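Below is one structure, written out as structure tokens; comments come after it.
Every number in this text was worked out from the coordinates using simple rules, so none of it is lab data. Just so it is clear, the model here is predicted, and its values are computed rather than measured. Methodologically, a virtual Cβ is constructed for each residue, glycine included, from the backbone with ideal geometry; neighbour enumeration extends over all protein chains shown.
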Ligand code: NI
């Protein structure tokens, strides 16, 4: 099953997502549908608010939609930056932000604890693309998008372009 992905400026994307009290079959089914949706959209991460559910659930697979070898289903993720590893700046996009990519500065390495789809605790340390992707997806649970990390100038240029496109589509 493929779910509909909400786009900025949908207000659901701005809500702080609620913790998941129990990992039920419904949550597992939702996570599976999210993974399918993420692969179909050729994304490497998806957060539940992006499909209209304001709950703390993300799916990530940095091996991509072709290989599908690294699927992580993370429930109630708690992310801890490891600032001693420094920072990286890479170009990001988002399935909820159409036709736009921009450079964002992130921690190079993070630790994360969460529950998996079976409700079992997961702990991992990540660097590289996975570290960046986890920060991007956990941001979604705080109602934050990658465009919030841009400079004011870049952000206002992006918003002007978006307004123009929304006007042209109206
Ligand atoms: Ni995103």
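Beta bridges per DSSP, both residues in the chain: antiparallel share near 95 percent.
Dividing the helix sum by the residues of the chain, where each DSSP H run of 4 or more adds -39500 (n - 2.57), gives a mean residue ellipticity at 222 nm of -9500 deg cm²/dmol.
If a paramagnetic tag sat 7 Å from the Cα of residue 154 along the Cα-Cβ line, which residues of the stretch 119-134 would have the backbone N under 20 Å from that point? Answer for this model: 128-134. With the simple model of a label 7 Å out from the Cα in the direction of the Cβ, residue 54 to residue 1 spans 2.2 nm. Cβ-Cβ distance of residue 82 and residue 16, R₀ of 41 Å, FRET efficiency by 1/(1 + (r/R0)^6): the value works out to about 0.95.
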